[in-house]
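Take a look at the structure set out below.
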Amino acid sequence: MIWAGKRAAIVETCRRMYARGLVSGGQGNVSVRLTDELILITPSGVNKGFIRPEDLVVASMDGRPVDPDLEVSSEIKVHLACYRNRPDCGAVVHAHPVASVALTLAGLSLEPAFLPESVITLGSVPTGRYATPSSVELAQDVGRLAVDHNVIMMERHGAVCLGSDPFMAYDRLESLEHNSRIVLLARTLSQPSPLPDAEVERLRIIAAGMDY
Ligand SMILES: [Zn+2]
């Protein structure tokens, strides 16, 4: 099967997302950049725990499936916006991580850095304006934020993570949710204080040298 390695990487990423409860039902989507003109993306509505390599869809950069009988993910516009705005982006993962989305639902920004690991692995995590899922407005907002962020929250909806390959993008998703669960737990006990600005700056310098 053509693009077998890329298909296997997406299927494995989907299975990890499903196993860790980062998506449910047919939610979430994963893509990789194949060439300057093509991406490979999950189909619409298929449960990520059961997806097969042959279910994946090759699509052009205008969002159309190469095989017209196949149906691309409903959020393909978000993926394409990331690829257009970030030439270095090789893969995009979108999921609905529970604690991270709960923080946006409560009106809390994920930008304050509480944990050094989050500064190193995620950088700053902005939350975009609310927009209807699958809309052009949502894709435009995520694309705007993707210019200088690898992890983006969609208010009341989910997370978008970029990487050079699906495993790097997935690692960012997993780390995001892990950090959000710690922050959420800490908030039930007391009011956690963010890291001092000088320490955040020091961590950013370390992260820049780590090629994350
Ligand atoms: Zn979604």
Examine the stretch 74-85 for a residue that is more than 14 Å from the chain's Cα centre (by Cα), surrounded by 21 or more Cβ atoms within 10 Å (Cβ to Cβ), polar (S, T, N, Q) and within 13 Å of the ligand (Cβ to nearest atom), and state whether such a residue exists.
-> no
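Conditions tested, residue by residue: (1) more than 17 Å from Asn29 (Cβ to Cβ); (2) surrounded by 19 or more Cβ atoms within 10 Å (Cβ to Cβ); (3) of a type in the set (A, V, I, L, M).
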{"residue": "Glu155", "(1), (2), (3)": "yes, no, no"}
{"residue": "Leu162", "(1), (2), (3)": "no, yes, yes"}
{"residue": "Tyr170", "(1), (2), (3)": "no, yes, no"}
{"residue": "Leu185", "(1), (2), (3)": "yes, no, yes"}
{"residue": "Thr188", "(1), (2), (3)": "yes, no, no"}
{"residue": "Asp197", "(1), (2), (3)": "yes, no, no"}
{"residue": "Ile206", "(1), (2), (3)": "yes, no, yes"}
{"residue": "Met210", "(1), (2), (3)": "yes, no, yes"}
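Among residues belonging to the stretch 12-37 that are β-branched (Val, Ile, Thr) and buried (at least 21 other Cβ atoms within 10 Å of the Cβ), point out the one that is nearest to the ligand (Cβ to nearest atom).
Filtering the stretch 12-37 for residues that are β-branched (Val, Ile, Thr) and buried (at least 21 other Cβ atoms within 10 Å of the Cβ), the one nearest to the ligand (Cβ to nearest atom) comes out as Val23.
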Which of (1) within 20 Å of Met17 (Cβ to Cβ); (2) in contact with a Ser or Thr (Cβ under 9 Å, 6 or more places away or on another chain); (3) in contact (Cβ under 8 Å) with a residue 60 or more places away in the chain does His79 not meet, given it meets every other one?
-> (3)
When Ile120 is evaluated against the numbered criteria (1) more than 24 Å from Val147 (Cβ to Cβ); (2) modelled with pLDDT under 95; (3) part of a helix (DSSP H, G or I), which criterion, by number, is the only one it fails?
-> (1)
Can you tell me which residue in the stretch 38-68 is surrounded by the fewest Cβ atoms within 10 Å (Cβ to Cβ), limited to those that are part of a strand (DSSP E or B) and within 16 Å of the ligand (Cβ to nearest atom)?
-> Pro43
Spot the failing condition for Ala113; the list is (1) assigned to a loop (DSSP other than H, G, I, E, B); (2) without any contact (Cβ under 8 Å) to a residue 40 or more places away in the chain, and only one is missed.
-> (2)
Of all residues in the stretch 99-118, count the ones that are within 16 Å of the ligand (Cβ to nearest atom) and out of contact with any Leu (no Cβ under 8 Å at 6 or more places or on another chain).
-> 2
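Condition test on Tyr170, is it within 14 Å of the chain's Cα centre (by Cα), part of a helix (DSSP H, G or I), farther than 25 Å from Ala19 by Cβ and of a type outside the set (A, V, I, L, M, F, W, C)?
So Tyr170 fails the test.
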Consider Gly26 carefully, then state whether it is at positive phi and at pLDDT below 95.
-> no
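The values are calculated or read from the model by the stated rules, or taken from the named source; none is laboratory data. Everything numeric here is computed off the predicted structure, so don't read it as measured data. Quick reminder, even Gly has a Cβ in these numbers, built from the backbone with ideal geometry, and neighbours come from all protein chains shown.
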